[in-house]
Amino acid sequence: MPLTEVEIGAALAEAPGWRREGDEITRSYAIRYHGGVAMIVHVADVERLVGHHADIDLRWDRLRFGITTHDAGYRLTAADFDLARRIDAIAAAHGAEPVDG
Ligand SMILES: C[C@H](O)[C@H](O)[C@H]1CNC2=NC(N)=NC(=O)C2=N1
């Protein structure tokens, strides 16, 4: 079920570093390409377990995640913020530092 604007505000406050871009939340990390591939594999394993999947953009020195819920009409849900927290934990384990963009 989509979150209300008030709920989104509260969830963002609990997910520091994640930025709202329309109906998705995004965060980028500095990581070199091959390390990014390894992190993506780890994220994908967790995504399969929780049944929720981010949009992923890997560049030479940067890895960006965008999360929204397709099943809710591309709106933000609690599952998006749950996955965001999991991605933060995986990023820390991979030594990927958050960056703007
Ligand atoms: C059937 C399956 O659980 C759904 O298609 C899941 C899979 N992963 C998903 N991931 C995201 N981000 N949004 C969804 O709506 C979604 N739906």
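Every number here is computed from the coordinates shown, using simple stated rules; none is lab data. Model, not experiment: these values are computed from the prediction. As a convention, Cβ positions derive from the backbone with ideal geometry for all residues, glycine included, and neighbour counts pool all protein chains shown.
Filtering region 42-95 to residues that are of a type in the set (A, V, I, L, M), near the ligand (Cβ under 8 Å from one of its atoms) and in a loop (DSSP other than H, G, I, E, B) leaves only Ala54.
Residues in region 16-34: is at least one over 23 Å from Thr4 (Cβ atoms) and of a type in the set (A, V, I, L, M)? Yes, region 16-34 has at least one match.
Put simply, of Arg27, Arg32 the only residue that is in contact with a strand residue (DSSP E or B) (Cβ under 7 Å, 6 or more places away or on another chain) and closer than 21 Å to Glu97 by Cα is Arg27. Kindly check whether there is at least one residue in region 6-27 that is away from the ligand (no atom under 11 Å from the Cβ), within 11 Å of the chain's Cα centre (by Cα) and on the phi > 0 side of the Ramachandran plot. Scanning region 6-27, I find at least one residue that is away from the ligand (no atom under 11 Å from the Cβ), within 11 Å of the chain's Cα centre (by Cα) and on the phi > 0 side of the Ramachandran plot, so the answer is yes.
Taking the criterion of being in contact (Cβ under 8 Å) with a residue 40 or more places away in the chain and farther than 21 Å from Ala93 by Cα, no residue of region 26-58 qualifies. Residue count for region 1-17, restricted to those that are surrounded by fewer than 13 Cβ atoms within 10 Å (Cβ to Cβ) and more than 28 Å from Glu97 (Cα to Cα): 4.
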